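The values are calculated or read from the model by the stated rules, or taken from the named source; none is laboratory data. Just so it is clear, the model here is predicted, and its values are computed rather than measured. Cβ placement follows ideal geometry from the backbone for every residue including glycine, while neighbour counts extend to all protein chains displayed.
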Amino acid sequence: MNTFTPRPQRGLRQRLNRGVSLIEVLVVIVLFSFGLIGMVGLQARAVQFSVSAEDSSRAALLANEIVSAMWGANSINLSAAELTAWDTRVGDAANRGLPNGTGAVVVAGNVATVTITWRAPHEPATTVHRYVTQVQIP
């Protein structure tokens, strides 16, 4: 007579192996999720640095714009209308200006100091960026 006797240890081992495989898969998914969250955080910081660099470059271009007007007029003293129009352009973020931007030109003797300040919308009110340049026209 052929009698079949099941081996209880073998079934238990297979179920245990399946359980271990499931735990391994869950651990891998958790680790992969942490990696993805880290990558998203790095991408967000990279975008912030890129926007900050773009704003700094735009500040330099806006300062160059008013300095070019001074060189064109061959004088560091510009009319109030020119300075007001330039300051308005600095603060107009929708039209190639800076967010929360202001521009100022201070003339002392034969040197004009051009100061541009701005603050990005996502930054706290205490964080202010500043670009300063001086020009002397002989």
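A few remarks follow.
- Members of the range 71-115 that are of a type in the set (S, T, N, Q) and in contact (Cβ under 8 Å) with a residue 40 or more places away in the chain: Asn74, Ser75
- Qualifying position, being modelled with pLDDT of 90 or more, assigned to a helix (DSSP H, G or I) and of a type in the set (A, V, I, L, M, F, W, C), among Ile37, Ile76: Ile37
- First in the range 43-58 and under 13 Å from Pro99 (Cα atoms), second anywhere and among the basic types (Lys, Arg) and outside any helix (DSSP H, G or I), Cβ under 8 Å, 6 or more apart: Arg58/Arg96
- Total residues in the range 89-117, condition within 15 Å of the chain's Cα centre (by Cα) and farther than 12 Å from Ala63 by Cβ: 1
- When residues in the range 64-123 are screened for being farther than 25 Å from Glu54 by Cβ, touching a helix residue (DSSP H, G or I) at 6+ places or on another chain (Cβ under 8 Å) and not hydrophobic (A, V, I, L, M, F, W, C), 1 of them pass.
- Checklist (1) at pLDDT 90 or above; (2) in a loop (DSSP other than H, G, I, E, B) applied to Pro6, failing item: (1)
- Residue in the range 77-96 that is loosely packed, with under 10 Cβ neighbours inside 10 Å, within 19 Å of Thr133 (Cβ to Cβ) and not hydroxyl-bearing (Ser, Thr, Tyr) present: no
- Verdict on Pro121 being modelled with pLDDT under 95 and touching an Asp or Glu at 6+ places or on another chain (Cβ under 8 Å): no
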